[in-house]
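*Asks:* The structure's right below; bear with me while I get my questions together.
The values are calculated or read from the model by the stated rules, or taken from the named source; none is laboratory data. Just so it is clear, the model here is predicted, and its values are computed rather than measured. Positions of Cβ are backbone-derived with ideal geometry, glycine not excepted, and every protein chain shown enters the neighbour counts.
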Amino acid sequence: MHQTSEHIVKSYDEELDRLTGEILRMGDLALNELEAAINAAMERDSETAQSIVDSDQEVDKLELEVSHDVIRLLALRQPMAGDLREVLAALRIASDIERIGDYAANVAKRAIALNRVERVRPVFSLPRLGKLAGDILGEVLLAYRDRDADRALLAWARDEELDGLYTGMFRELLTYMMEDPRTITACTHLLFMAKNIERIGDHATNIAENVYFIVHGHRMPQARRKADRTDSLLASGTQLSN
């Protein structure tokens, strides 16, 4: 009887480890998509950008696998307390990573369109924005792997920096469009790309919050600070050229 009980516990732990592994593979794929999409935009490589769009299906397939595994665990194992937090958080994290993959694919789609028009200088602000979003995502994935709430909290706090960079790029792009209407098409594509990257940061911070919840059993005590000021820039009629 004791041996049987040990076998059940070991089997359950293996299933949880498998679930974590699937999510980390999803995260690595999404992170690679983001980095490749930025490179494709900078190198004006439409072929690579299209391959990123096509490969996003792999992230979607892994999310389905995670969903099936979660349903099976809930039905057969009926987890309680900490184990239940692990399983439910896995479902939410997989959903966030799937959305990150979608946003990375959107960046690649816009890169294809951007390559058809003349390059504008604000495109060179894109790598810094993309790198910061990628760094945050990489950190929260490591925090999830190690169940490290402190690391998750540090990554979570960096979203404010990402919002600030996004607002600066938004201002720069609007200035370009106002000063030279010929840049409107290129700048519009870049605005959408920048917004997609900013949203990747939001989903990465969602993952950080779920890691914190797994470890501590409650939500983060502080509210997320947002430094995205793009709405106020438009509403207040800011002199963007200043």
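*Asks:* Please go through segment 49-78 and pick out each residue that is at pLDDT 95 or above, surrounded by fewer than 18 Cβ atoms within 10 Å (Cβ to Cβ) and of a type in the set (G, A, S).
*Replies:* Result: S51, single match.
*Asks:* Somewhere in segment 79-100, is a residue under 20 Å from H189 (Cα atoms), under 22 Å from the mean Cα position of the chain (by Cα), in a helix (DSSP H, G or I) and at pLDDT 90 or above?
*Replies:* yes
*Asks:* Here is a follow-up. Condition (residue is charged (D, E, K, R), under 30 Å from V70 (Cα atoms) and surrounded by fewer than 20 Cβ atoms within 10 Å (Cβ to Cβ)) applied to segment 123-138: is it met by at least one residue?
*Replies:* yes
*Asks:* Sticking with this one: Filter segment 119-159 down to the residues that are in contact with a Lys or Arg (Cβ under 8 Å, 6 or more places away or on another chain) and acidic (D, E), then identify the one that is nearest to G201 (Cα to Cα).
*Replies:* D159
*Asks:* Separate question: Given the structure, is L62 assigned to a helix (DSSP H, G or I) and either charged (D, E, K, R) or out of contact with any helix residue (DSSP H, G or I) (no Cβ under 8 Å at 6 or more places or on another chain) (or both)?
*Replies:* No: the conditions fail for L62.
*Asks:* Any residue in segment 140-151 that's under 11 Å from E209 (Cα atoms): show its pairings with residues that are modelled with pLDDT of 95 or more and among the hydroxyl-bearing types (S, T, Y) at Cβ separation under 8 Å, as long as the two are six or more apart or on different chains.
*Replies:* If the second residue must be modelled with pLDDT of 95 or more and among the hydroxyl-bearing types (S, T, Y), the pairs left are V140/T205; A149/Y212.
*Asks:* Let me ask another. Residues of segment 199-222 being closer than 11 Å to V140 by Cα and surrounded by fewer than 18 Cβ atoms within 10 Å (Cβ to Cβ), which ones?
*Replies:* none
*Asks:* Now for a different question. Among L191, L154, L165, which is the only one that is of a type outside the set (S, T, Y), assigned to a helix (DSSP H, G or I) and surrounded by fewer than 16 Cβ atoms within 10 Å (Cβ to Cβ)? Break it down into steps so the answer makes sense when it comes.
*Replies:* On the way: L191 fails: surrounded by fewer than 16 Cβ atoms within 10 Å (Cβ to Cβ); L165 fails: surrounded by fewer than 16 Cβ atoms within 10 Å (Cβ to Cβ).
After ruling out the rest, the residue left standing is L154.
*Asks:* I want to confirm something. Restricting to segment 200-242 and keeping residues that are of a type in the set (A, V, I, L, M, F, W, C) and more than 20 Å from the chain's Cα centre (by Cα), which single residue is modelled with the highest pLDDT?
*Replies:* Per the stated criteria, the residue is V215.
*Asks:* Out of segment 113-123, which residues are in contact (Cβ under 8 Å) with a residue 60 or more places away in the chain and assigned to a helix (DSSP H, G or I)?
*Replies:* Looking only at segment 113-123, we keep the residues that are in contact (Cβ under 8 Å) with a residue 60 or more places away in the chain, and these are 113-115, 117-120, 122-123.
Selection gives A113, L114, P122, V123.
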